[in-house]
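Asker: Just passing along the structure, written as structure tokens.
What follows draws every value from the coordinates through simple rules; no lab data is involved. Computed from a predicted structure; not experimentally measured. Reconstructed Cβ throughout: ideal geometry from the backbone, glycine too, with neighbour counts over all protein chains shown.
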Amino acid sequence: QAVTGFSWPQWSPDGRFLLYQRSSGPSGASVWAVPTSGDKKPFLLAQPQNPQAKIVTERLSPDGRWLAFSSTDSGREEVYVTRFPSGSGRWQVSQNGGIFPVWRSDGKEIYFIGSNAPVQLHAAQVNAMGDEFQVESVRPLFPVPNVAAIGELFDVTPDGGRFLLPVPPKVGSPPMMLVLNWTAELKKN
């Protein structure tokens, strides 16, 4: 019997929906939403396109019209976008691997971490015209530290000017002190 798990809840910007991941076992994680009023019946929003894949992370756009998510459909994690709340349409944002999509507050850029070495933060300039979505350009921004974190790997200020990233502590060896002729100090007492 597969164990079903629920994780990564987030509210839609208007508070009308609660999104979450639902999974059964090691693969098959998908994104579901439940309305906060009315019949409150959960509905499937985004799912992998093959049975061995899973959706790893997701984030709603600031205007609540689009959902960016990363999925392992191609065999490696890539970033995609679909309409919200219908879940219709699917546009690929990253081309060479991408994880942890995060929207700029005006919805005109999606930031994600690339999976190729060296690991870099990327910015995808996007344009949502009515019900159509277009990726205009993708560019690397800067290398990011290679750290494993639980939860979000980074976040961005509303203007996209600064990023908050976990940085591993600088671990150095403590200074070593060598005392020579220490037995002479014992003889003085």
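Asker: At a 10 angstrom cut-off on C-beta neighbours, averaged per residue, how do the peptides 86-93, 122-129 rank from highest to lowest?
Answerer: My ranking of the peptides, most packed first, is 122-129, 86-93.
Asker: Just one of [x] 132; [y] 231; [z] 117 is volume of the Cα convex hull per residue in Å³ calculated from these coordinates, so which is it?
Answerer: Identified label for the calculated read-out: [y].
Asker: Any chance you could get the radius of gyration and Dmax over the Cα atoms of the stretch 7-88, in Å?
Answerer: Gyration radius and largest Cα-Cα distance of the stretch 7-88: 12.2, 38 Å.
Asker: Something else about it: Please list, ordered by chain and number, the residues whose modelled amide H lies under 5 Å from the amide H of Thr36; skip anything fewer than 5 residues away on the same chain.
Answerer: Long-range HN contacts for Thr36: Phe17, Leu18.
Asker: In the chain, with Lys and Arg counted as +1 and Asp and Glu as -1 at Cβ, which of these residues, Gln120, Pro13, Thr36, has the Cα nearest the positive end of the dipole, that is, farthest along it?
Answerer: Highest projection toward the positive end goes to Gln120.
Asker: Fully extended, how many nm does the chain gain between Glu136 and Phe163 (0.36 nm per residue separation, minus their Cα-Cα distance)?
Answerer: In short, 7.5 nm is gained.
Asker: Continuing with this model, one more query. Pop a pseudo-label 7 angstrom from the Cα along the beta-carbon direction at both Ser74 and Arg90 and give the gap in nm to one decimal.
Answerer: 1.3 nm
Asker: According to the square roots a ≥ b ≥ c of the eigenvalues of the Cα gyration tensor, what is the shape class of the stretch 28-138, taking rounded for a/c under 1.5, prolate for a/b larger than b/c otherwise, and oblate for the remainder?
Answerer: oblate
Asker: Here's a follow-up. Go through 131-139, 30-38 and give me the packing order, highest mean Cβ count within 10 Å leading.
Answerer: 30-38, 131-139
Asker: I would also like to ask the following. Between Leu178 and Asn50, how many nm apart are label points set 7 Å from Cα along the C-beta direction?
Answerer: With each label placed 7 Å out from Cα toward Cβ, I get 5.9 nm.
Asker: Then there's this: 5 Å is the cut-off here: which amide hydrogens, built 1.01 Å from N in the peptide plane, fall below it relative to Trp66, excluding neighbours closer than 5 in sequence?
Answerer: For Trp66, whose amide H was placed from the backbone, the distant partners under 5 Å are Ser61, Phe84.
Asker: Rounded to the nearest 500, what is the chain's calculated 222 nm mean residue ellipticity when only DSSP H runs of at least 4 contribute -39500 (n - 2.57) each, over all residues?
Answerer: It comes out at -500 deg cm²/dmol, rounded to the nearest 500.
Asker: Give me a comma-separated list of calculated 3J(HN,Hα) values for the stretch 36-46, in order, Karplus coefficients 6.51, -1.76, 1.60 applied at θ = phi - 60°, integers in Hz, x for any Gly or Pro.
Answerer: Going residue by residue, I get 8, 9, x, 6, 6, 8, x, 9, 6, 9, 8 Hz, with x marking Gly and Pro.
Asker: Per-residue HN-Hα couplings for the stretch 80-92, Karplus 6.51 cos²θ - 1.76 cosθ + 1.60 at θ = phi - 60°, whole Hz, x for Gly and Pro?
Answerer: Taking θ as phi minus 60°, the curve returns 10, 9, 9, 6, 10, x, 6, x, 8, x, 7, 10, 8 Hz for the stretch 80-92.
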